[in-house]
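Here the structure comes first, spelled out in structure tokens, and everything after it is commentary.
The values are calculated or read from the model by the stated rules, or taken from the named source; none is laboratory data. What you are looking at is a predicted structure, and each value in this text was computed from that prediction instead of being measured. With ideal geometry, Cβ positions are generated from the backbone for all residues, glycine too; neighbour counts draw on all protein chains shown. With ligands, DNA and RNA removed, areas are computed over all heavy atoms of the protein, side chains included. Shrake-Rupley method; radii C 1.70, N 1.55, O 1.52, S 1.80 Å.
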Amino acid sequence: MASDPQPETQAPDPCQGADVCQGEQVSASEDQHKRSVEDDDLQPAPTDPPPAPEKIQHVVQPGDTLLGLAMKHNISMASIQLANNMGNTIDLIAGQTLNIPNGPQWLQESCFWIVHVVQPGETLIELSSAYDTTVDQILRVNAIADPTLINVEQQLVIPLTQLLIAQRPEPTTAPATLAEAAQAVPPSPQPNAATDAVADMAVAAPQPTNPAGNTETDPPPSLPAGPAEWPNYILTRINQARAANGLHALTIAPELTYAAQAHAQDCAQRGWGSHVGSDGAVLKTRVQRAGYTGDRWGENWVQAQNAERAFDWWYGEIPPNDPHRRNILSPHYTEIGIGIANSGWGYIFITDFGRR
């Protein structure tokens, strides 16, 4: 498998308390109050404060993450996703303008809440298990009365209590009908801020457009029968795509291969993919402890049935929402490592990119 108005006030009524403002016989204190009220009538009535804006606009900066923005504004990732028609993506693009809701949208909203787009064959029971929540919580947050009435492509808010990527259940329909979870780490060094735990979902810098029409120069190779040959298949497909865009080929780096394979096995063992290892290690930490001394790195991951689907998921993205494709076509990278591990449902595919 990367993410609100104030009540108006009214001007004081100068004739509030009619027993004082009316009547011919008044006491001294009443007369003094009457003059005070009349004097007030000569002053301009106070104006109502302007209502707070419903949304704040934010221009995405390099290093921004969806979770970081949600935490900063005390709202959920889901509220930002919905306000910007992001679907279930958590990836941001430098220069992108986001509408940030001005305050929580739901009761007990958490910054970890995310959007899930319903896929064919999915049920609320499966989703609650995949996200480690309950059907009742999903129903409450989404105001759904009948748990059987969910539709394909419906956007559901998933109320999470921690950063979590869904664990994919065994499919109940043909695997081709299920979207395969994916995330991308952008082509830039990771920030050293306290948010390093989520920095791997940070912003990808825009890449040049494709002058060759986004087509591969040579026909793609046939998919090998077994996973042992899939790394070579993925490398060939990536380098074909880069050649079609006038870019140099990537070469295998043993250190990146070690880091990618170790992370793929880690994700498969815990049952879900992420850019953060089970020990909390982000990409920068993982490639450096594998001995990689580069000055730039990035990562794609996806859970898919085979290497062909993994590559097609990454490279088939449509700009500008194409962080995986931009990693593949980044002119900054010179090396790559590829890791694959059986996850029970399909395989975890990791590609770690680098330059040194």
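Quick notes
- Output for region 69-80, where each listed residue is open to solvent by less than 20 Å² (accessible area, probe 1.4 Å) and part of a loop (DSSP other than H, G, I, E, B): I75, S76
- Test: I318 is hydrophobic (A, V, I, L, M, F, W, C) and modelled with pLDDT under 95: yes
- When restricted to residues that are open to solvent by less than 30 Å² (accessible area, probe 1.4 Å) and under 20 Å from H248 (Cβ atoms), region 279-314 contains 8.
- When we screen A241, A281, A310, A341 for residues that are under 30 Å from D132 (Cα atoms) and in a helix (DSSP H, G or I), the only hit is A310.
- From the list A52, A83, A45, A2, the lone residue that is at pLDDT below 50 and within 13 Å of the chain's Cα centre (by Cα) is A2.
- Some residue of region 315-329 being of a type in the set (F, W, Y) and open to solvent by less than 10 Å² (accessible area, probe 1.4 Å): no
- Candidates G291, G273, G280, filtered to the one that is over 22 Å from T89 (Cβ atoms), touching a helix residue (DSSP H, G or I) at 6+ places or on another chain (Cβ under 8 Å) and at pLDDT below 90: G280
One line per residue, one yes/no per condition, for (1) in a loop (DSSP other than H, G, I, E, B); (2) touching a helix residue (DSSP H, G or I) at 6+ places or on another chain (Cβ under 7 Å); (3) over 21 Å from P320 (Cα atoms); (4) open to solvent by 10 Å² or more (accessible area, probe 1.4 Å):
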| residue | (1), (2), (3), (4) |
| --- | --- |
| L67 | no, yes, no, no |
| L82 | no, no, no, yes |
| N85 | yes, no, no, yes |
| D91 | yes, yes, no, yes |
| V115 | no, yes, no, no |
| E122 | yes, no, yes, yes |
| E126 | no, no, yes, yes |
| D132 | yes, no, yes, yes |
| I150 | yes, yes, yes, yes |
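- Just one of (1) part of a helix (DSSP H, G or I); (2) surrounded by 16 or more Cβ atoms within 10 Å (Cβ to Cβ); (3) over 22 Å from the mean Cα position of the chain (by Cα) fails for R140. It is (2).
- Within the set A264, A259, the sole residue that is surrounded by 22 or more Cβ atoms within 10 Å (Cβ to Cβ), assigned to a helix (DSSP H, G or I) and under 22 Å from the mean Cα position of the chain (by Cα) turns out to be A264.
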